[in-house]
1. Going 7 Å from Cα along the Cα-Cβ axis for the label, what nanometre distances separate residue A:97 from the same residue across the other copies?
2. Can you give me the distance in nm between label points at residue B:11 and residue B:136, each placed 7 Å from the Cα along the Cα-to-Cβ direction?
3. Accessible area per residue, 1.4 Å probe, Å², for chain B: what's the number?
4. Quantify how strongly other chains surround peptide B:50-58 by giving the mean number of their Cβ atoms within 10 Å of each of its Cβ atoms.
5. Note down the magnitude of the dipole of the stretch A:91-233 about its Cα centre, charges +1 on Lys and Arg C-beta and -1 on Asp and Glu C-beta and zero elsewhere, to the nearest 20 debye.
6. Which of the peptides A:120-128, A:17-25, A:143-151 is most tightly packed, and how do the rest follow, going by the mean number of other Cβ atoms within 10 Å of each residue?
7. Can you give the charge dipole size of the stretch A:9-87 about its Cα centre, rounded to the nearest 20 debye, using +1 on the beta carbon of Lys and Arg and -1 on the beta carbon of Asp and Glu?
8. Can you tell me, using C-alpha contacts under 8 Å and at least 6 residues apart, the relative contact order of the stretch B:3-232 as a whole percent?
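The values are calculated or read from the model by the stated rules, or taken from the named source; none is laboratory data. Only a predicted model underlies this, so the values are computations on that prediction, with no experimental measurement involved. All Cβ positions, glycine included, derive from the backbone under ideal geometry; neighbour counts span all protein chains shown. Each accessible area value is taken on the protein alone, full model and side chains, heavy atoms only, with ligands, DNA and RNA left out. Shrake-Rupley method; radii C 1.70, N 1.55, O 1.52, S 1.80 Å.
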Protein chains: 2
Amino acid sequence: MTSIALIMAMDEEASPIVKALSLEPKGYLCPPLPMCLYQGEWHGKQISLVVSGKCKRYGVDHIGPQGATVSALKTIEVLSPSIIINAGTAGGFVKAGAAIGDVYLSFPYVCFHDRRVALPGFDRYGVGEYTCMDTRELASKLNLKLGVITTGSSLDITDSDISIMNSYNGIVKEMEAAAIAWVAEMYQVPFMAIKSITDLVDTETPTEEEFLKNLSLASEKLSKEVIKLLGEV
Amino acid sequence: MTSIALIMAMDEEASPIVKALSLEPKGYLCPPLPMCLYQGEWHGKQISLVVSGKCKRYGVDHIGPQGATVSALKTIEVLSPSIIINAGTAGGFVKAGAAIGDVYLSFPYVCFHDRRVALPGFDRYGVGEYTCMDTRELASKLNLKLGVITTGSSLDITDSDISIMNSYNGIVKEMEAAAIAWVAEMYQVPFMAIKSITDLVDTETPTEEEFLKNLSLASEKLSKEVIKLLGEV
């Protein structure tokens, strides 16, 4: 049976998918780490959803590249999935035609936008450019957008981040995909990301305001598209 | 026997210590991950040195928070050390009295300086503020400097990073300590960092230029102080 692992950063992003697929909570993936596992069979596929879990000190989800790195590593070690899909919310760009609630598949790669190391070799390592599964047919069939998804450690974005994104045509900005893709590449597990837009980077509204306002809507939209995607992969 | 794990990002930083302690190369810590292990007994202590290893695609060391996160996680899982020491090179500040080759111990914590998330709780999670072992007596005995060591994903630093560092009196800037401290805290393994200054952030010379010029000197200096430190912990 095909085993698909969904890796997600926030409980609120994950809960519509957990409900829609009736996934069963299995507790911690690998104590004492905070990642939580939900599992179920769906249309002959084994679905495992791993969320990053809560920080004990600050009570918030372990968002960002460090949490995503650990989630990916333990997901691969414990569950040996055939495919990893990183699903989540992200920032889009009006100039690239994005609107709130749009859903993107990663293509052809995911990159980092805030790892600047101006030394030979390290400069390209910093960007990463991890090749994803070919999602072109899927995007066409499911009517989803396609693009280079890029990862950084912050919810906001600086001019330097945008200039790095522009250098490789990055059009979707989030906080986990490239970290997960890096781990998946080391273990040679096929990877793709699917991201629903909560906020538009190139508008006047602060990211955090738009993010909170649209998180629920974008997560519901994400859930619908992730379920269609699981039917196809 | 006390088991001490040294976690280091770059081969060039690690090699003077491997030589001085006659540590034996043990190959990969946990294939297919790139981290390499060196081990030996020294003055009745089991010393394990883990370096992040080379990226297959770009041929460079896995520097930065993602590599450090994986190094820390596998070091703890495979070696169960009593203490983790993150040793490496870093940027210092003239305004804080730093000079090239100065060696700092972490105190009282290590933080991130480039994880900006302006949402309640996530803002503090982004900074991290991981408490380190109390290094005051060690610093006094070994004549080392003390300070808040801060971590980011880039070799350079932005105005925003500096402003975040100033908010918690960060005076040493590097790329791994807080990521390792985060993992160590989850497993309740005592942690400290020791960092040797390769470059001065608040001067005109570009970081990458100073870094390359002083890496060898700073690594030799680091080696001497790490060995004295291992005698005391």
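1. 6.0
2. Reported label-point gap for residue B:11 and residue B:136 is 4.2 nm.
3. With the other protein chains kept in place, chain B gives 37 Å² per residue.
4. So the per-residue partner count for this stretch is 3.
5. 440
6. A:143-151, A:120-128, A:17-25
7. Result for the stretch A:9-87 is approximately 180 debye, rounded to the nearest 20.
8. Averaging sequence separation for qualifying contacts and normalising by length gives 26 percent for the stretch B:3-232.
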